[in-house]
Amino acid sequence: MKQCKQYFIDVIKNQYFDFEGTTDVKSFWMFFGFSFLCNIALGIIDWIIGWKICHEGALCFIFQLAILLPFLGIGARRLHDSGKSGWWWLIALVPVIGWIVLIIFWIMPSKQ
């Protein structure tokens, strides 16, 4: 069984701009979880150091910008795996309800 960090590194190295194909539930949530933990750690460092960019910590901002495309890609591949189009990502533009629907789609079992 892969470690959480390895799932993250695999996406960054091998699937940075990949919006085609599928990603299983475990790989998606491991990537999401590791990204979330990294963001928390960088937020703590930003808070200690006091770096700010537009009311957000500089390190958090840079990290989020760096993983934006991989996160969009793995999210689209996860939607494909649950039998949905990657265009369902756009539902996230609907406040609150859109994100709830998107998370439900990401939790759904594979249709493959």
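The values are calculated or read from the model by the stated rules, or taken from the named source; none is laboratory data. Here the structure is a predicted model, which means the values were calculated and not measured. Using ideal geometry, Cβ is built from the backbone for each residue, glycine included, and neighbour counts are taken over all protein chains shown. All accessible areas refer to the heavy atoms of the entire protein, side chains included, with ligands and DNA or RNA removed. Shrake-Rupley method; radii C 1.70, N 1.55, O 1.52, S 1.80 Å.
Odds and ends about this structure:
- Subset of the range 2-53 (residues that are β-branched (Val, Ile, Thr) and more than 13 Å from the chain's Cα centre (by Cα)): 22, 40, 44, 45, 48, 49, 53
- So residue 110, is it hydroxyl-bearing (Ser, Thr, Tyr), in a helix (DSSP H, G or I) and open to solvent by less than 70 Å² (accessible area, probe 1.4 Å): no
- Contact map, the range 92-112: first residue more than 19 Å from residue 30 (Cβ to Cβ), second residue surrounded by 12 or more Cβ atoms within 10 Å (Cβ to Cβ) and not small (Gly, Ala, Ser), Cβ cut-off under 6 Å, separation 6 or more or different chains; pairs are 92/99; 92/102; 98/91; 101/91.
- Residues that are among the polar types (S, T, N, Q) and under 18 Å from residue 3 (Cβ atoms), drawn from the range 23-81: 23, 27, 35
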